[in-house]
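Accompanying notes for the structure given below.
The values are calculated or read from the model by the stated rules, or taken from the named source; none is laboratory data. Predicted model only: the values in this text are computed from it and were never measured. Glycine gets a Cβ as well: all are built from the backbone with ideal geometry, and neighbour counts include every protein chain shown.
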Amino acid sequence: MGGSSKPKPEDYAPTEMEKFNAAIAVDASNYFKKLEPLIVKDIQSASDLKLTQMGKGRAQADFAQALTKNLDMKLESDFATTANRMLAGVYNQTEANLAGVKAKNADIENALNIGLGLESTAASAVGQVATGQTGLAIKKTDNYFADKRAKERLVGKALQTAATFGTANIASHMAANKIDPSYQGMNPFTRARFEVGDDKQMSAYETAFGPFGRRA
Amino acid sequence: MYMGASWAWTEISKTLGSLGYGSGGFELDFSNYNFAGVDNKVEQAKKELEDSIAAAQGSDPMAEVQGSTSLGVANTGSARNPDGTPANPGANAPSAPPPIAEVPIETAEGVGTQEISEIGDVEYGGPQAAGPLAEVKDPDKAYADVAKDRYDFIRTTIRPFQEGLVDQLEDDSLIRQAPADALTQTRLAEDISTRNLSRYGVRETAAARRQRGMGQQFVRTVAVTDAINNARVGQLDKNQALLNTLVNAASAINRTSMGQLGTAAGLQQQREAAYSNARSAARQNKYGIIGSLIGSI
């Protein structure tokens, strides 16, 4: 800083902590990129995991083990035992199917929530970037036109000054012509001046541009 | 465990003696009887039962269904081979823990043999030196690139998953699976009953077999109907749960998209307002200059 008011880019250089903040953010983002396959794996696992088959296998094994314990001839001779076994076995597998799909649904919901969280974060990030960039673009455009307007005002001021001078010059010529009918000047870039001659008569003469100019 | 029939008769004789029958001239004397035949019959019956169990264990249909030879039938250790030797020697002995497998594990030095000492350990070698952080020249661009990349991930990975789940809403796999499961289970139960009866040496009459067959057919029908009905309810429940999950997900997506649309609309409004302001400022500037020029004449 210092010198004229014209700023240099380095006047707005980031602080050390700002640079560090950006660096760790990008570093963490790169690390997340490495972990991204885990999310894919989680989704694939929620989609493909054969929980139903696993549950059914275990239910079948437990059921069969329970059936082969404590054999009783009287019970075996009774058809109701067979019927109960048939119904219980079917119920067991139906329940295992249901438990499997419920567990799978829970996995799916979990994976879906992860996806939704990512989407929300990504959407928020895109929105922030867009807001920041649009705000900056608007500011830049505003500043660009503000600069142009300032230039136009400068030119306008110059023209205003010139017009002031020109009209004043014309006015002086007109006044000079009234006082001194022999005076013929009517140039907006020159001014009429008056002087009193030796004969005590007022006469006009033309000066270059300003009221204090030399005799043209 | 088995003491023999002659031992039993001797015990009975002792009991009668202690009750007084031995002292009053009433004495039971079994010394001249030969009980060896009874002992042999008991031994033979026991062997037949064990052979039957061994045969049943050797062709367990449940084990075949499960693709395993060990599930479904508890190993009592009493199974015998046809020659009378134990079918599975040492089955009753307390089982020693399995030896620790020597699995080749890839180490930093290469593939070597290493003993597994703990299960579930996380390989963490403590804090490690991290390299310097890369300097970010343009954080705004980096942020924009990362945000776009994340959204690409959503579109390429998450969206297809969500669409796949939508297709699952019409799933009827539980209902389709139910009859097959019911049939398998009823057959298994029938086989188990037949096998268990054969273990006791029960031979049903033709009439009993017929009745049992009819009963099984009836129960099979009931089981299939019950299974399908339960599966329908379960399927409805599962599909409804998935629908709820997806509707919640859709609400979240809607919330996010509304937020984004709000941002987009807000930005457009900002731009239009800025344009309008700039145009107005330009006009004011122009008229100001013209006014000044007129005023200066």
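Give the residues of segment B:283-297 that are over 17 Å from A:Lys151 (Cβ atoms), within 7 Å of chain A (Cβ to nearest Cβ) and β-branched (Val, Ile, Thr), sorted by residue number.
Passing the criteria: only B:Ile297.
Just to be sure before I move on: is B:Val247 under 46 Å from the mean Cα position of the chain (by Cα) and over 21 Å from B:Ile158 (Cα atoms) in the structure I sent?
Judged against the criteria, B:Val247 is not a match.
Could you give me the residue pairs with C-beta distances under 6 Å whose first residue belongs to segment A:178-189 and is in a helix (DSSP H, G or I), whose second residue is surrounded by fewer than 16 Cβ atoms within 10 Å (Cβ to Cβ) wherever it lies, and which are 6+ apart or on separate chains?
A:Ile179/A:Met202
Could you tell me which numbered condition A:Phe212 fails, if it satisfies all but one of (1) outside any helix (DSSP H, G or I); (2) modelled with pLDDT of 85 or more?
Checking A:Phe212 against (1) outside any helix (DSSP H, G or I); (2) modelled with pLDDT of 85 or more, the one that fails is (2).
Being more than 17 Å from B:Leu165 (Cβ to Cβ) and surrounded by fewer than 17 Cβ atoms within 10 Å (Cβ to Cβ) is the filter here; which residues of segment A:98-119 pass it?
Matches in segment A:98-119: none.
Within segment A:113-136, track down each residue that is within 7 Å of chain B (Cβ to nearest Cβ), more than 18 Å from the chain's Cα centre (by Cα) and either under 25 Å from B:Arg271 (Cβ atoms) or in contact (Cβ under 8 Å) with a residue 12 or more places away in the chain (or both).
Hits for segment A:113-136 are A:Gly115, A:Leu118.
Does A:Ala25 satisfy the condition of being modelled with pLDDT of 80 or more, more than 7 Å from every other protein chain (Cβ to nearest Cβ) and closer than 27 Å to B:Ala227 by Cβ?
When the stated conditions are applied, A:Ala25 does not pass them.
Are any residues in segment B:145-184 among the β-branched types (Val, Ile, Thr) and closer than 30 Å to A:Asn30 by Cβ, and if so, which ones?
The answer is B:Val146, B:Ile154, B:Thr156, B:Thr157, B:Ile158.
Do you know which of the residues in segment A:12-27 that are of a type in the set (A, V, I, L, M, F, W, C) and exposed (fewer than 11 other Cβ atoms within 10 Å of the Cβ) is farthest from A:Asn110 (Cα to Cα)?
Applying the filter and picking the extreme gives A:Ala13.
Looking at segment A:136-158, which of its residues are in contact with a Lys or Arg (Cβ under 8 Å, 6 or more places away or on another chain) and within 10 Å of B:Ile289 (Cα to Cα)?
A:Glu152
Of all residues in segment B:147-164, how many are over 16 Å from B:Leu243 (Cα atoms) and of a type in the set (Gly, Ala, Ser)?
Of the residues in that region, 1 qualify.
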